[in-house]
Every structure is written in C-alpha cells, then in structure tokens.
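First the structure, in the form of structure tokens, and then the observations on it.
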Amino acid sequence: MVENGARRGTALVTGGSRGIGAAAAIALAVDGWDVGVSYRTRSEAAEQVVAACEKVGRRAYAVQADVAEPEEIERLFDAVTGELGAIGAVVNNAGVVSPSGRVADYDLARLERVFRINTIGAFLVASAAVRRMSTANGGAGGVIVNVSSRGAVLGSAGEYVDYASSKAAVDTMTIGLANEVAKEGIRVLGVRPGLIETEIHEEGRLERIGTTPPLGRPGKAEEVAELIAFLASDRSSYMTGSMVDVAGGR
Ligand code: NAP
C-alpha cells in the first residue's frame with residue numbers, strides 16, 4: 001500500500017479533458033498519481049484538468065491523440081512516459097455515443113464511427129498498455145480500467161443499441177484480457193456507469209430520464225471517478241476481470 005501523499009506512479013486517462021475522464025484524472029492525482037491526460041480536440045479543457053492535478057501537488061501532462069488511430073496511441077503512450085515516467089495505470093475512457101435512433105435506420109458510417117472509437121480504440125489502448133506494462137516484456141505490471149456502460153447490459157433500445165453493443169464488447173475484452181495477462185502483473189477491470197451528468201448526452205436527455213434510476217437522480221462524474229481511482233490502486237489488489245456498476249441501481 002502507498003502511504004498518504006506518496007507518489008503511486010504514472011496514470012494515463014484517455015478522454016481526460018471532460019466529463020468522467022476529467023474527474024478520473026483529478027481523482028487519480030488526489031490519490032497520488034502523476035497523470036497523462038489525453039484529448040481529441042478540447043485542448044483548453046485538457047489544460048484545465050492538468051492545472052487541477054497540479055493544484056493537488058502532482059505532475060500532469062496533456063496530449064492530443066485520437067484513440068481511433070493506432071499511431072496516435074503509440075505517440076500518446078511514448079509522450080506520457082517520456083514526460084512523467086513509466087505508466088502503471090491506464091483508464092480506457094474516451095468514448096462517444098451515436099444520435100438517438102432505431103437499429104433499422106443505422107447506416108454504415110454511424111456503425112463504423114461508434115465501434116471504431118469505443119471498441120477498436122479501447123482494444124488499441126489496452127494493447128499499447130499491455131506491451132509496455134507486461135512483466136513478460138520487462139515491464140513493471142499495472143492496471144487497466146475500462147470505462148464501459150450500463151447500456152452494455154440494458155441494450156439502450158430506441159436510443160443507441162450500437163453504442164451499447166460497442167461497450168458490451170469492452171466488457172468481454174475486460175474478462176478475456178484479464179485472464180490473458182493475469183500472470184504478467186497486469187489487472188484489467190471495468191466500470192459500467194449509468195446516467196452521469198456530462199456533455200455526452202443529447203440535449204434534454206438527462207432532464208427527461210435523469211430521475212428514472214432507483215436512486216432518483218443522475219450520477220456525477222466524481223462518483224464514477226472515485227471508483228476508477230479505487231480500481232486503479234492496490235486497494236483493489238485481489239480484483240481482476242470484474243465489471244463494477246456505478247449506476248444508481250439502474
Ligand atoms: P464526454 O463528456 O463527452 O467526454 C468525452 C471525452 O472523450 C472527451 O475528453 C473527449 O475529448 C474524448 N474523446 C472522444 N472521442 C475521442 C477520440 N476519438 N479520441 C480521443 N478522445 C476522444 O463523455 P463522458 O460522459 O465523460 O464519457 C466518458 C466515457 O464514459 C465514455 O466512454 C462513455 O461512453 C462512458 N459512459 C458515460 C456515461 C454518461 O452517462 N455520461 C454513461 C456510461 C458510460 P475532447 O474533449 O477533446 O472532445
């Protein structure tokens with residue numbers, strides 16, 4: 001266990017400029033990690049997250065990288081490692097939803113976008129992490145936390161079954177990869193957020209269904225971030241291959 005205030009190591013959060021990723025980056029910094037914050041377009045937001053991490057006494061570094069592009073992911077990992085040291089925790093968080101619609105109306109471009117970013121992107125990030133962290137490759141081990149969705153279980157009928165399915169694949173990857181690398185010092189875990197107050201939702205969606213979870217309200221990004229920080233730390237040392245719901249009972 002790491003003592004209060006001690007440095008845990010370097011963590012990387014994809015999609016750390018906003019929402020759950022931003023809250024996770026800050027929670028990890030509070031928990032003792034120096035944090036690499038990746039973003040796709042919102043550099044100012046990412047720099048604000050860096051400043052928030054620095055405010056709690058840790059180092060942080062923002063890098064622009066699209067998780068749908070393999071060479072950008074390699075550049076991201078190398079840049080964060082070069083600036084902050086070897087990466088010991090990766091939060092596979094970057095993701096997008098599709099516009100609301102029925103399966104019968106989906107076109108190929110929509111399907112390719114959501115699976116490319118949410119599923120293929122998550123695989124590419126996990127792959128880059130394993131190659132660097134695996135003790136079989138001379139790495140020091142580490143933790144991968146995949147951000148899935150309760151939609152993976154519920155199916156998101158009438159809204160975005162494609163998004164839900166892209167996250168169900170991430171759940172399966174979490175289990176398979178966890179078993180694959182368990183003896184190489186790497187634990188792989190996942191969180192399934194429910195309705196969380198971020199900019200990802202279409203206008204009016206949170207107002208419309210935000211009180212439907214059994215707890216009667218949407219969740220806050222910080223409530224997911226707290227779980228991510230726990231899973232990334234050695235406080236969850238006997239967990240791997242698990243998906244943990246943080247969804248207000250939904
Ligand atoms: P958000 O507020 O829309 O933030 C998305 C983040 O991902 C931003 O930092 C964005 O970067 C980044 N991003 C998007 N596409 C990217 C790409 N191709 N490459 C790199 N970065 C990319 O979303 P959120 O609600 O925090 O969601 C975070 C994760 O939680 C997603 O995987 C989402 O599916 C999952 N989730 C969210 C909810 C919810 O209710 N909010 C529920 C279940 C699961 P820029 O800032 O540069 O655009």
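Taking H placed 1.01 Å from N in the peptide plane, check which residues at least 5 places from G15 or on another chain put their amide H under 5 Å from its amide H.
S38, Y39, A94
Just to confirm the number: angle between the C-alpha axis of helix 221-232 and the first principal axis of the chain, 0 to 90 degrees, nearest 10?
Orientation of helix 221-232: about 40 degrees from the principal axis.
Rounded to the nearest 10 degrees, what's the angle between the helix 70-84 long axis and the longest principal axis of the chain, both from Cα atoms, 0 to 90?
40
Tell me which residues come under 5 Å, amide H to amide H, from L195 once H is placed; ignore anything under 5 positions away on its chain.
G219
Find the eigenvalues of the gyration tensor of the Cα atoms of the chain, then list the square roots of 5 times those eigenvalues as equivalent ellipsoid semi-axes, largest first, in whole angstrom.
Sorted largest first and rounded, they come to 27, 20, 18 Å.
Between A136 and E203, what's the calculated FRET efficiency when r is the beta-carbon distance and R0 is 51 Å? Round to 0.05.
0.60
What relative contact order, as a whole-number percentage, does the chain give when Cα pairs under 8 Å and 6 or more residues apart are counted?
With pairs under 8 Å counted, the relative contact order is 19 percent.
Using a 10 angstrom cutoff on alpha carbons, build the Gaussian network for the chain and name the most mobile of Y160, Y238, Y61.
Looking only at Y160, Y238, Y61, the biggest GNM fluctuation is shown by Y238.
With angles folded into 0 to 90 degrees, how steeply does helix 121-133 sit against the dominant principal axis of the chain? Use alpha carbons for both and round to 10.
Tilt relative to the chain: about 10 degrees.
Please give the net charge around V125, taking every other residue with its beta carbon less than 12 angstrom from that of V125, where Lys and Arg add +1 and Asp and Glu add -1.
Here the charged neighbours net out to -2.
Mind listing the long-range amide H neighbours of Y160? Cut-off is under 5 Å, sequence gap 5 or more, other chains count too, H placed in the peptide plane at 1.01 Å from N.
G101
Each value in this text was obtained by applying a stated rule to the coordinates, not by laboratory testing. All values derive from a computational prediction rather than experimental measurement. A quick note on method: Cβ atoms are made from the backbone with ideal geometry, for glycine too, and the neighbour counts reach across all protein chains shown.
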